[in-house]
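To keep things clear, I will list the structure first and then write my remarks on it.
Values quoted throughout were computed directly from the atomic coordinates according to the rules given, and no laboratory measurement underlies them. Note that this is a predicted model, so its numbers are computed, not measured. As a convention, Cβ positions derive from the backbone with ideal geometry for all residues, glycine included, and neighbour counts pool all protein chains shown.
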Amino acid sequence: MSEPDATTQRSAAQSVADVLLRRREQVAQRWAELPLFRTVFTVTRDEAVEAGQSVVDALAVVASSGRPGDLEASGFDPVRVQIGRMSASRSRAGVSVGQVAAEVAALKDAVVDLLKAELEQEPAEIRHEAVLFASELLATLRLVTLETMLDDGQEIIVRQRQQLLEGATPVIKLWEGIVAVPLIGTLDSARSQVVMESLLEAIVAQQAKVVILDITGVSTVDTLVAQHLMKTVASARLMGAECIVSGIRPAIAQTIVQLGIDLGSVITRSSLADALAMALHRIGLRVHSAPDSPPVAGPAAL
């Protein structure tokens, strides 16, 4: 079969657009019976039909443009919104991306069946080209759905990673005017940024005068980790808080010396307890032992 000419292609595109608009109710009614719509819109069937009509309208716009394979066609924008909500609902129900894609692919049959019935009196070449056009249009809809689901999935991953970072770097109030950030694991650039933001917010909220950065749980300290610590210390100072870095173990101390990292401007202590004692002293308190009682903190003047 020879390649269709431009006139035939335009005629086929317009035929598909006309049929979609003319038979939008029938298409939407048939779609409402399919899993993609039926399992999402469970309150009333009218909701499924209305959603189907909005998708049909969008596909008609794309068909009129004559660009059925263009993912960036403006007509697909409403489809992204509607199909995006539906696919997200299916994903929350535990349905895989592949299954959702198959459910979208199943929408083609209703369109093609009605298209053939509507164009029964048209020349065979027009009917054939119109069916190919509609098939490409629905295949692109499937790709748009997959693209939307992948984008949504990536956003969820980024958001969950951010939540994990925030949860893994809590800012703890140890005393009035003293907060601590226990760091555990690897301190990379992303986590360092979360630590800095959380710490600065806590300094303002708690009116902290002293900040303790405890790196007891940090497995290794290299030049990059040291740079992150120095930036955090500098940021806290700009907010008016003094920083103490605790948890400097012998192995980490040797590594810092071997790397030639200068922490001379940073107050360090070997343990969190020592850092807390210094922090209390900085705000005018000192730790002492009373007879037959555990250590307590009291005014330095007592």
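Taking the 0 to 90 degree range and rounding to the nearest ten, how far is the long axis of helix 250-259 tilted relative to the main principal axis of the chain, both from C-alpha atoms? It is inclined by approximately 70 degrees.
Each DSSP beta bridge with both residues in the chain is either parallel or antiparallel, and the antiparallel ones are about 30%. This model, with +1 at the C-beta of Lys and Arg and -1 at the C-beta of Asp and Glu, gives the chain a dipole about its Cα centre of some 1320 debye.
Could you compute Rg(Cα) / (2.2 N^0.38 Å) for the range 172-299, with N its residue count? Compared with the compact-globule rule of thumb, the range 172-299 sits at 1.07. Compared with the dominant Cα axis of the chain, that is its longest principal axis, helix 272-282 is turned about 70°. For the range 6-159, the alpha-carbon radius of gyration amounts to 1.04 times the rule-of-thumb value 2.2 N^0.38 Å expected for a compact globular protein. Angle of helix 124-168 to the longest C-alpha principal axis of the chain, folded into 0 to 90 degrees and rounded to 10: 10°.
Between Thr145, Thr42, Thr216, the GNM of the chain built on Cα springs shorter than 10 angstrom shows Thr42 fluctuating the most.
What would the Debye equation give as log₁₀ I(q)/I(0) for the range 63-108 at q = 0.31 Å⁻¹, counting only Cα atoms as equal point scatterers? For the range 63-108, the Cα-only Debye profile gives -1.11.
A straight Cα-to-Cα reach below 19 Å connects Lys231 with the lysines Lys209, residues fewer than 8 places away in its own chain not being considered.
Using Cα-only point scatterers and the Debye equation, what is log10 of I(q)/I(0) for the range 239-288 at each q in 0.18, 0.20, 0.27 Å⁻¹, rounded to two decimals? Debye intensities relative to I(0), on a log10 scale: -0.64, -0.74, -1.04.
The calculated P(r) of the chain, using every Cα pair and 20 Å bins from 0, goes 26, 28, 22, 20, 4, 0 in percent. Once you list every other residue whose beta carbon is under 11 Å from the beta carbon of Glu242, what net charge do they have if Lys and Arg are +1 and Asp and Glu are -1? Result for the local shell: +3.
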